[in-house]
Every structure is written in C-alpha cells, then in structure tokens.
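Shown next, in structure tokens, is the structure this report addresses.
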Amino acid sequence: MTASYDEQSMSEYVTATVAGQRFGLPIGRVQDVFVPERLTRVPLAAPEVAGLLNSRGRIVTLIDVRRRLAFGENSRAEQPMAIGVEARGESYGLLVDAVGEVLKLDDRNIDVNPVNLDPRLADVSVGIHRLDEQLLLLIDVDRLLGLAEKAAA
Amino acid sequence: MDDLLREFVTETNESLDVVDVELVRFEQEPSNAKILDHIFRLVHTIKGTCGFLNLPRLEALAHAAETVMGKFRSGATPSTQAVSLILATIDRIKDILAALERERREPDGDDADLITSLVTVLDTIDGQPAAPTASVADYAIGTLVPQVLERPLRPGEVSLDELERVFQETPVDPILARAHATPVKEKEDDGVRPGVQSLRVPLETLEQLMTTVSELVLTRNQLLEIVRRQEDSEFKVPLQRLSNVTAQLQEGVMKTRMQPIGNAWQKLPRIVRDLSAELGKQIDLEMHGAETELDRQVLDLIKDPLTHMVRNSADHGLETPAERRAAGKPEHGLIRLSAYQEGGQIVIEIADDGRGLNTERIKAKAVSQGLASAAEVGKLSETQIHKFIFAPGFSTATEVTSVSGRGVGMDVVGNNIDQIGGTIDVRSIAGEGVSFIIKIPLTLAIVSALIVEAGGERFAIPQLSVSELVKLRSDGEQRIEYIKDTAVLRLRDRLLPVAKLTTLLGLDTSGALNSGFIVVIEFDSQCFGIVVDSVFHTEEVVVKPMSSKLRNIAMFSGNTILGDGAVIMIIDPNGVVQSIGATVATQLAAAAVAAKDQPSTAAQAATSLLLFRAGSSQQKAVPLSLITRLEEIDTQTIELSNGRHMVQYRGHLMPLVGLDNSVRVKGEGTQPLLVFSDGSRSMALLVDEIVDIVEEHLDIEPASASPGVLGSAIIKGQATEIIDVGHFVPEAFADWFRGAGRPASAAKPSVLLVDDSPFYRNMLMPVLQAAGYEVTAVARATEALDLIDKGRTFNAVVTDIEMPEMDGFAFAEHLRADERTAALPVVALSAVVTADFVERGRVAGFDDYVAKFDRPGLIAALKEQIGMSAAA
C-alpha cells in the first residue's frame, strides 16, 4: 500500500536550463523537444516572442524563456532547444538553453516559493524542488506563456 | 437516448426558429391559413415528441401554445397580445431546450405564469371569462405525467383525429418551410426539392475535412514549388492533375461549409416585430438575396453585427410615425437587407429610409471625444465625418435606450467585420436614410496572397486588396516625392500616400524610398502604397489563426505556411490603414534626403516583367511598368461594338485586343486581361493565363518577323517573346494621341528620348534597345537640357512634340542654339503628321519627323540620322 501511495505522490518533470537556472515542466504538458529551425520573425510582437516556425504543418509560436523571465542575454547557448507545449489549442515552443533529463520526483519534497524570490520567477513558479545538487524551479506552463490570467477571466 | 435527445434539441430549435418567423408573418397576414397550418404542425410535432421523450414542461408549454393557435385556425382573429404571448412561450421553450442540452434533463421550474396567461387569452377568444384557477392547475403541468393519448380533451384542445385530418388536408409546402425568412426572394430555387437528398453531418466532421484539405493544399503547393525549380520533371503532368483534383476537392469542401445568409437573418423578423411594438414605430423589414451563400464561420461572425445594425436602424434610424408624417413620408418605416455576391466578396447592405446620420452631431461628438480637432473636422467631407461612427466608444444616441444604447456601438460592429477581413462603409443622405455596405470575403480559410519581401522577411498581402504594383524608379514618373516629410507617389491622376513596409513594421527607420516596388492597396475606399523590396509570386494560402500572443498586432491578420515550408505573416490591410496615417507623417523625415531624380541609364537595370501565355504555349512577357492593372473579367460582360470587343471598365468603354489581331474571347468563365492606360484611356490585351512576375536583366534579341513582338529574351531559362504593347495601341484606338501631352523620356546608349508620356517612354525604350541603341529617357525637355548642360553627350535625340512646360519645337530651337548640340540629330515624334507641322519642325530644327506608331520608321530615321552625323 505504501508503494502505491508513493506512486501517487510522484510526478515526472522534463528539466531544462535557462541562464544556469534549472526548471522543471510537468511531463504531461510537454509534447516534444526540437531544435528550432527556419524561424520567422514577427515584427511588432512582444520581446519574448522569438518567432514562428513550422512543425509538421502546425505553426508554433516560439517563446524565448530567457527574455520572458528577464534573464539577460549573457551566455546564450549556441544551439538553443525548444520544448513543444500546447496551450488552449495553440502550439508553443519554449526556447531554452538546454534540455536535461526527465526526473521522477516526490511531490512531498516541493517547497513553496521563498518570499524573496524574484517576482518574475515567482509569477511562473508553482514551487521549488530540492534536488540534491541544485534547486529545481517548477514551472506552470500557462503562466509562463502568460495565458493563465486570460483563462481565469 | 442521448442521441435521440440531441437530435430532438437540434430539430426543435430549428422548428422554433421557423415558428418565430412564421408567427410574425402570420400577424401581418392573419388570413393566410397556410402559414398558420404550418406553425400549428410544427408546434404539434414538438409537443408530440416531448411527450414521447418525457419532457413534461416542454409538452405543457407547447400544448398551451398549440391550443391558442388552434383557436386562430378555427377563425379567431389573432390579437397582438396573443401572438406576443405565444412568442414568449416559444422563448421559454428555447430556454428550456438550452438547459436540456447542457444538463441532459429538463430543468426544474414552473411555467404556470405563461400557461395562465395563455388560458386567459384562450378564454378571451372564446368570449368567456377567465377560466377558474382549477383549470390553470390543470395546465401547470410541471409535474404531470404526460398522457398524450389517454385522457379527455381539455378546453380548446384538438382531438388527435382532427389533427390527423388537418395533416392530411394540409398541402405539403416544402418551399414555404424553407423560404420562411425570405418573403421577398424568388421561391423556386431552394427548399427541399423532392429527389434531393440531404444528410446531417456533425460540424466537427466538416471542420476536420476542411483542415485536412487545407493541409493537402499546402502540400500541393510545396510539390509545385519543387517541380517549378526542375526542368522537364516527369512529375509535371501528374502533379498538374493532382493540383486540379485538389482544387476541385477544396471547392467541394468549401461548398459544404456554405450556408445561405438567410440563416443569419432568421431571427430578424421577430426582432423587428418586437422593436416596433417597443418603440411605437411601424417597421417593414425587407430581405433580398437570403439565398446568398457564405462560409458558416463567416456567417457566425456577422450574425451579431447584423442584428445590432438592424436594431440601430429601427431605434436611431427610423423616425416615429408622427415625425415621418411631418416629413411627408409614409408612416411605415422600411429596413431593407440585401445580400449578393460580387467577385470574391459578399456584399451585404442594410438600408433604412429614416432620417439619415446627423452630421453635425457626429462632428460635435468627434471633437468632444478628441478624435479630431474642430479645425480638422471642418475640412472633412460628410462621408469622412460619417466614418467617425466606427471609432471606438462612439455612440450618438444622446439617451441610452433599452434597444441599442447598451454600450455596444458601431465600433464593435466595425471590429467584428475587420476580424473577418471585411470592410464596412456608410452612406447617408439627410432625411432619406442610411445604408451600410458590408463587404466580406467568401471564405476565411483560403485566400490568394501576394508574397513580398521587406527587410529580409517575407510577408503575404491578400490579393483582394492589392490593386496594382508599381516599380519604383528614381527617374521620371514612378518615384517618390515629398510634401514636407510625407512621402507620396504620383499615380496617374492621384497622389498616393506611401510608406515602407519595414517602417510600418518597426523593422527600420532609415533607408531611402527609391527602389523596390510599391504595392498599391485599395481598402475601405482608401488607397495607399506600401514600399517593399521585392515581389515574388502569388500563392493560395491557407489562413491559420495567429497565436493569442500575437493577436494584438493589428498589422497582421493571420499567418500561414508557404509552399516552401516557411511560416509567413499575412498583412492586414486594415491595420496598415490605421497605422499609415500615424506613420507617414513622422517616419519619413529621414528619407526626405533621398530620391532626387538621377535619370537612370536604363540599360543596366533589371526590368520587371510580367510573364503570361496567350495564343501559343510559348511564354510571353511584357514590361511590368507598362501595365496599369491586371484584371479578370467575366466573359459575359464583354460586348461587341462596331466590330470590336469592348468591356465597360471604370465607367468607360475599354477596347480589348488579342495578340494575333483577332480577339479570342473565352466562351465562359473569366478572362484575364492586361490593362494599359495612358491618362484616362485604357486598352486591354486578352491573355490566356498570367504566369508570373520576374525581375530580369532584359537582353532582347531582335530578329522577329511577327508583328507585335519586339524580340525574344531568355527569361527563367525559357525563350520568351517580348510583346510590343505599342503595336497593339493603334488597334485599340487610332486617336490615342489626341489627349493632352505628358512628360517624356530619352534613350541612353546614345539616344536621348524625351516624352512626357510614361507609356510611350516605356514602350519606346525596349524598341530602341531592341534596335541596338542605348537609351536615356527623361520626361521633360528641361531635364534633357539639364543633362546636356552637365556634359552628357548623345548621338541623337528623339523627342515628343506636345509636352508641358517646353514643347518639342522650343526644345529643338534650344538644341540648335547651343553650339554643343547644334549638329545633334533630332527626330520628332508626333501623333499628328501634317504638312504644316512638318514645315514648322524643319524650321525649329528637327532632322526628321516620325509618326508615333511608326516604329520601323523611327528606327530607320535614327539609323539614317546617326549615320549621316557620323559621316559628317
């Protein structure tokens, strides 16, 4: 019984790195991981919109997580990766420096955001996972995309 | 059971919409038994099904309404009150149905109020006092178990037998069943004809099919793109077939999405009826063209705006009967809706014969809202002032009425129509009424778009809004000029505001406006030019909605995937209109330095060519700059006049000319045309197919015996005949030249061409080039003299006679007076060759005189003159 209890409290996360910070995205929200190619710039778009690309016939809006979370342009990865997610029927790609392994983590080890967390991060984070070597910021995809408020409205 | 219930809800909703409309008609024509029978049958069916499905509330309501209608059928005069009550009952039924659909069961509630009223009405009709409460309780069936068949008849109820008899006796009138909402239209072409089978298909299936076809179109485009780059691919033929089949499939699927606009109008008679009662106005509603079909997605989006506008017309537009009498108008106000197809668009007009827009009030309101200053408003035309009603938050009704003053104004309507890529226009005549003209695309899904490049990015511009393409030249006519900092282009008889696409999109702020193309856009009765770096081809694109992260950008209406797989943004002409006003004034200051006219040495520059096919399969080309417009006309509109094919074009008759001298008009369908204009005159060349627009260095090899062909050149790897437009002009009219003169241009390798008409400049330049001359063209004699002053030398001058500022005679005198050019051969061109003219020309110093259409004569004269001067 304990095992199944444990099983229930475990969640899987796709991890990614942006400007040295590790993030975790719920695996259920992640569609695929790809190398962004043939990006079409969108003039007049918000700065975090890196552009549009064609992924198997669907138009994907690529969101630059670095700019979205105001991490600055330092030490950008040479070959950034994109994590494909879907939100409200639309396809998005989250542009990150690198994609890490998938982690299965115990929900009971999630801490609430520290009160002094940068508000921009606190806005998109649902908690912090204390990994042995590093802290993993758990991301709410809708909030990261800036769609959560509208969905609530 | 679930399926059954869903089916029931759908069917009942449809029936109720019909009942709504029919009741309103019935009220106006109480003697029309057919209408009543029809309503009665529908309500009875609803009642019966309710009983079967165990929906007691619905059944009770339907029953009560049916009973009252039964009285009408037996001859009672329908009172407005009774009809209103039945309508209210139907509304209640609709509410219950909505809840039923949501919750899959009949909602709790009590309808005793309505039923009581219905019974009261019934009793009034019967001439009896209101029935005792007991009978009301009888009707308040909320909880009653339905017993459709096994009980005694209630007061006013009709027996099943009688109903059966009624059904048997009632002639089936399927046309009426369909034509209910459209009393005005012809009744033969729709309705369920016997033998035409129909099938209910869930919407998602169609949507899914549409998406699949869209993908197929994209893939087809990709394949075409690949094959286009290959010579003699064996795929060409099967791909052509695939392409045709795809087009047919696309058309077929589109058809399944089409619905008559009457569906969106269905609720209007009821609304207008209720409004008449509420406002104390007598209003007639006329509907024309309800059978006009629209994509259902578009239909959904315009339904609300239309309803809103009809409400507006009833509330603000139409006067009260007293006011109308005072104004000498009939008491009945009229609201007329009409719809028809025009080209790739659907035009919907909503007109009333009311008081018209109050220009003064709109002015005052525009000023008070800060939309314009009092001074600005003073300069605007009435039409421009009327457009303010589409500005956000604008509503002229001083008092808020329950009908239209609900905070939604015409701005919302305008917005909705923008969203679907449509336009709205208003025409108002004080005292006579207002009409709104809405133009919307037939379908949202697939549009033909012109692919352009600006700032290293490609963009798609909907073809529907593109009226022409102009190649920018730093010389002569087609160059940007400035009024202070505002960039404009002289385009025939008008000044066109222009702006760089890159500037509009915030991609850069620098750069001169002296190269590239101007895409002339006509939108919303405004005309403006967007400067782009290059123009590719047109492509059918499948419009995909933009991500919600981008939807706030007014400059784009959507995005799509091109044949080569790249994502491209689709420009929204409406967004451009909005921003061009703001941008043109500010951003172009930097560019003002640029674009001083350097007469171009035409020889090196690449020429934009339009590739087309006509007659033979060989590719043909004509310089794009010569073409005013590309048109496609319905062959039905071609008229034969005086042995010539003509077509009405922009208010004039335009002659049509075929390449092989005999006009070959297609039997049916549309006919592509190349329109050439000079001043107010136009002619058109009939072609079979427009292939492409390319920019190529034009290296014409003369050697062509066939008339109307300048020579040939290799374009895109294919031998291409360069068509001599000039050859066809005399065929179109002999009197092309009697119009006023215009500036001219000259030839460079050694010939200076001076002609005020860009048309002839453009026409003669390739002729002279083909004959082996280098040509410099200028529009004015003064420009030519400037060039000579700067030390440019030429072997010969070819000049027009009739020109503004300085004519050909004066020009020749100037040349002869200057010792540098005293011996320069000067050949005059004129439409008029009379002995008088020739003599005058000799005196002025012309060496030769050639008629404008006599190109071999011109070449001969040049050869002779240059030969002579070389020998001298």
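Just so you know, all these numbers are worked out from the coordinates, no wet-lab data involved. On a predicted model such as this, the values are computed, not experimentally measured, just so you know. All Cβ positions, even for glycine, are placed from backbone atoms using ideal geometry, and neighbour counts span all protein chains on display.
Observations, loosely collected:
- Extended-chain gain in nm, criterion 0.36 nm per residue less alpha-carbon gap, B:D95 and B:D692: 209.3 nm
- A Förster distance of 22 Å, applied to the separation of the beta-carbon atoms of B:R644 and B:E668, puts the FRET efficiency at 0.60.
- R0 of 60 Å, Cβ-Cβ distance B:E839-A:E73: FRET efficiency to nearest 0.05: 0.15
- Residue-wise HN-Hα couplings along region A:20-29, as the Karplus relation 6.51 cos²θ - 1.76 cosθ + 1.60 with θ = phi - 60° gives them from phi, are x, 8, 8, 10, x, 10, x, 5, x, 8 Hz; Gly and Pro carry x.
- For a modelled paramagnetic label at B:D425, 7 Å from Cα along Cα-to-Cβ, no residue of region B:457-471 is in reach, as no backbone nitrogen comes under 13 Å.
- Once both labels are positioned 7 Å from their Cα atoms along Cα-to-Cβ, the gap between A:E133 and B:S381 label points is 7.3 nm.
- Additional length obtainable on full extension of the chain from B:E360 to B:S233, 0.36 nm per residue less Cα span: 39.0 nm
- A simple rule links phi to the HN-Hα coupling: the Karplus curve 6.51 cos²θ - 1.76 cosθ + 1.60 with θ = phi - 60°, which for region B:308-316 gives 4, 5, 5, 4, 4, 4, 5, 7, 8 Hz, with x for Gly and Pro.
- Of the GluC sites (Glu not before Pro) in region B:206-267, the ones in a loop by DSSP (not H, G, I, E or B) with at most 12 other beta carbons within 10 Å are B:E231, B:E234.
- Between B:N244 and A:E12, the simple label model (points 7 Å from Cα in the Cβ direction) yields a spacing of 5.1 nm.
- Tensor-based shape of region B:262-441 (alpha-carbon gyration tensor, a/c under 1.5 rounded, otherwise prolate or oblate): oblate
- Rounded to 5, the percent of DSSP beta bridges in region B:262-441 classed as antiparallel: 80 percent
- Set of region B:252-273 residues, backbone N closer than 13 Å to the point 7 Å along the Cα-Cβ line of B:T212: B:253
- Of all DSSP beta bridges in chain A, antiparallel share, percent nearest 5: 85 percent
- 11 Å reach of a label modelled at A:V35, 7 Å along Cα-to-Cβ, counting backbone N of region A:74-97: A:79-81
- Averaged over the residues of B:548-554, the number of partner chain Cβ atoms lying within 10 Å of the residue Cβ comes to 6.
- Packing-based ranking, highest mean first, of B:369-379, B:801-811 given that Cβ atoms within 10 Å are counted: B:801-811, B:369-379
- Packing rank of B:95-103, A:69-77, B:773-781, where each peptide gets the mean count of other beta carbons within 10 Å, highest leading: B:773-781, B:95-103, A:69-77
- If you plug the beta carbon distance of B:D113 and B:R6 into 1/(1 + (r/R0)^6) with R0 = 35 Å, you get a FRET efficiency near 0.75.
- Candidates A:V99, A:V115, A:V18, ranked by Gaussian network fluctuation over chain A, Cα under 10 Å, top entry: A:V115
- Added length on full extension, which subtracts the Cα-Cα distance from 0.36 nm per residue, B:I714 to B:H537: 61.8 nm
- Whole-number percent relative contact order across region A:8-147, with pairs defined as alpha carbons under 8 Å at least 6 apart: 28 percent
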